[in-house]
1. Counting only protein heavy atoms and using a 1.4 Å probe, what share of the accessible area of the stretch 31-142 belongs to carbon plus sulfur, as a whole percent?
2. Specify the residue with the greatest mean-square fluctuation among Ala116, Ala15, Ala40, computed from a Gaussian network of the chain linking alpha-carbon atoms under 10 Å apart.
3. Would you calculate the separation in nanometres between label points at Thr139 and His16, each defined as 7 Å from the Cα along the Cα-to-beta-carbon direction?
4. Taking a ≥ b ≥ c as the square roots of the eigenvalues of the Cα gyration tensor of the stretch 66-167, is the shape rounded (a/c under 1.5), prolate (a/b larger than b/c) or oblate?
5. Given a Förster distance of 22 angstrom, what is the FRET efficiency for Thr72 paired with Ala151, based on the Cβ-Cβ distance and rounded to 0.05?
6. Quickly rank 82-88, 157-163 as a protection proxy: mean count of other C-beta atoms within 10 Å, highest first.
7. With the cut-off at 1.5 for a/c, could you classify the stretch 1-153 from its C-alpha gyration tensor as rounded, prolate or oblate?
8. Counting only Cα atoms, I'd like the Rg/Rh figure for the stretch 53-117, Kirkwood definition for Rh.
Amino acid sequence: ASSNLSVGLTIVSGAHVVSFGGTIIASGNPVAGVSVNSQAGLDLDAASTLNSFNNGEGLLLQEGSVMTVFNTPQFSGAPGFSTINTHNNTGSGVRVQTGSVLTLVNQARIISSQNARIGLLADNGVGLTLVNSTVTGNTVKDIQLTFGTRADLQTLTFATYTCDATV
């Protein structure tokens, strides 16, 4: 999903996409590489990869949408991690907002670096469960959690972060 006029890949209005062992590549899209919104969903399983680079926002999850990233090799038969990889975006690498939920479990990770704004931004009633992830080298901040975000952060590598009093 590359070099579109707005968004590379949009999942919207209750739709749900599952990538089982696949690779999604989004690059050169001025608004967002991948946008999941209006109560839609995206699952990455069986060592799937989402690569989103050189976009406006790398991954935008909003308006009550859900994303689950996981791999259990003994069940999937696929060794390795399911991965969200965002870098060199002019906005944030991963932006989760407005009641959406991002869950990483088992062999799953986010690698978010070299984004012009924030590596991982969560705002407005968001739920996060993150494991095995590296969010470093982003221009403004690596992680920013605001307004009612609930987060379970385990085995993460990051440098700069902020949380407001409602987190």
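1. 48
2. Result for the chain, Cα springs under 10 Å: Ala15 fluctuates most.
3. Placing both labels 7 Å beyond Cα along the Cβ direction yields 3.7 nm.
4. Cα axes put the stretch 66-167 in the oblate bin.
5. 0.45
6. So the peptides 82-88, 157-163, ranked by packing, come out 82-88, 157-163.
7. Cα axes put the stretch 1-153 in the rounded bin.
8. Ratio of gyration radius to Kirkwood radius for the stretch 53-117: 1.04.
The values are calculated or read from the model by the stated rules, or taken from the named source; none is laboratory data. These numbers were taken from a predicted model, which means no experiment stands behind them. Note that each Cβ is placed from the backbone with ideal geometry, even for glycine, and that neighbours are counted across all protein chains shown. Only protein heavy atoms, including side chains, enter the accessible area calculation; ligands, DNA and RNA are left aside. Shrake-Rupley method; radii C 1.70, N 1.55, O 1.52, S 1.80 Å.
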